[in-house]
């Protein structure tokens, strides 16, 4: 593909966030170029880029993707109809109020997004490198594979260690914490219609169906020195189900970060996806956040100013960060987790309403105000003990 010399929007990073931004921009008639340093071609055929993640897309993520022109069917993965929380003593689950979510292998999702971006008219340059100007003030020319490219807008979609963020002076944080995730795939038929979140004494195990004969298993912990060879030791029920199952993929590790930036945009530079901050993976909302940001950013650029994006970015992240804070309290205090899951199991309607709030069908403050007094009383009076 010939290298362009000018573009309205230069997107650094060709993961799901950058590709979603390119699609949203093209839907508004805005020219864009996506630069990705990693290879997209494997054995001569287009292939998506992998990343360690839970691979579950909530129903609202599917809806946003459909609006971007990426419609997922059961042929692309495996549906799930709700969420289940479990520990060694209690289990509680709830179904989504509308359509199901879907588990999709990350390379396949990436490939679908890349195909859609190219179909929409975005220029995608994989295995390419960009050098930003020495002075971020007043310069709109970068070097793309050694050749100059002029741009009006610069979008950093280059992940947690974003070079665009550092270059633009947007890396000041208000909050930052890390956990560590380890992902493996097993060849076994999914045993439930839910994404299961199993709570242990040192972390959580996430089971997501991604195919009729495959599940994605992710363990997330605060301990970077955990025994990676025995991650299932704290989850005997899951270990029994996976006993003898073939490993489909090698174990891969990744960082799950909670990060809030002081600023996500300047006059001509905007950050999106993990480059713009992130909620802990416990929410399962990383991709949904990126897709919403892509639409908000494209609307903002179409208006000629990044000011609207700055405001909408904060609003988009508010609910995921609130839900993450609630669940991370359970992660930090195992006794609190045991009592909470027991109380939820005894009052499944509360769990159902929290899931509805999480998926945008209810307002979280309203659920908390209505349910907190009764739930708190039952937590104190019934949640004690095993």
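Readers should treat all values here as calculations from the given coordinates under stated rules, not as data from a laboratory. Because the structure is predicted, anything quoted here is derived from the model rather than measured. Positions of Cβ are generated from backbone atoms using ideal geometry, with glycine treated the same way; all protein chains shown enter the neighbour counts.
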Item to complete: Determine which residues of region 248-285 fall in the zone a paramagnetic label at residue 314 would reach in this model, i.e. backbone nitrogen under 15 Å from the point 7 Å along Cα→Cβ.
Response: 260-266
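If you rank 19, 232 by fewest surrounding Cβ atoms within 10 Å, what's the result? Let's see the in-between values first.
Details: 19 32, 232 20.
Fewest to most other Cβ atoms nearby, the residues stand as 232, 19.
Please express the shape of region 1-152 as an equivalent ellipsoid: the semi-axes are the square roots of 5 times the eigenvalues of the C-alpha gyration tensor, given largest first in whole angstrom.
On the way: eigenvalues 252, 49, 49 Å².
In descending order the semi-axes read 36, 16, 16 Å.
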Worksheet item: What is the spin-label model distance, in nm, from residue 192 to residue 239 if the labels are put 7 Å beyond Cα along the C-beta direction?
Response: 1.9
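Work out how much length residue 139 to residue 307 would gain on full extension: take 0.36 nm times their residue separation and subtract the Cα-Cα distance, in nm to one decimal. Kindly include the intermediate steps, with their values, before the conclusion.
Working: separation 168, 0.36 × 168 = 60.48 nm, distance 1.98 nm.
Gain on stretching residue 139 to residue 307: 58.5 nm.
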Item to complete: Could you grab the relative contact order for the chain? Cα pairs under 8 Å, six or more apart, rounded to a whole percent.
Response: 21
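How high is the FRET efficiency between residue 161 and residue 380 when r is their beta carbon distance and R₀ equals 30 Å, given to the nearest 0.05? Mind dumping the intermediate values first?
Numbers: r = 44 Å, r/R0 = 1.45.
FRET efficiency, residue 161 to residue 380: 0.10.
Which translational diffusion coefficient, to the nearest whole µm²/s, is obtained for region 34-107 from the Stokes-Einstein equation, given a Kirkwood hydrodynamic radius over C-alpha pairs, 37 °C and 0.692 mPa s?
Details: Rh = 14.7 Å.
For the chosen part, D equals 223 µm²/s.
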Fill in: Fluctuation leader among 203, 56, 18 - the chain, Gaussian network, Cα springs under 10 angstrom
203
Discussion item. Using helices alone, I'd like the mean residue ellipticity at 222 nm for the chain: each DSSP H run of four-plus residues gives -39500 (n - 2.57), total over residue count, nearest 500.
Written reply: -11000 deg cm²/dmol
Discussion item. Please compute the length gained on full extension between residue 152 and residue 335, using 0.36 nm multiplied by the number of residues separating them and subtracting their Cα-Cα distance.
Written reply: 60.6 nm
Response to the item:
Checking 174, 363, 105 against a Gaussian network model of the chain (alpha-carbon springs below 10 Å), the top fluctuating residue turns out to be 174
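Using Cβ counts within 10 Å as a stand-in for footprinting exposure, how do 165, 106, 318 rank, fewest first?
Values: 165 24, 106 21, 318 12.
Lowest count first: 318, 106, 165.
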Worksheet item: Evaluated at 37 °C with a viscosity of 0.692 mPa s, what Stokes-Einstein diffusion coefficient in µm²/s does the chain have when Rh comes from the Kirkwood expression over alpha-carbon pairs?
Response: 151
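Taking Rh as the Kirkwood radius, which is the inverse of the mean 1/r over Cα pairs, what is the Rg/Rh value for region 324-367?
Details: Rg = 11.0 Å, Rh = 11.0 Å.
Rounded to two decimals, Rg/Rh equals 1.00.
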Response to the item:
Per GNM of the chain with C-alpha springs under 10 angstrom, the most fluctuating residue out of 134, 142, 302 is 134
Practice prompt. Give the order of 76, 193 when sorted by the count of other beta carbons within 10 angstrom, beginning with the fewest.
Written response: 193, 76
Item to complete: On a C-alpha basis, how far is the centre of region 118-184 from the centre of region 257-332 in Å? Whole number, if you could?
Response: 16
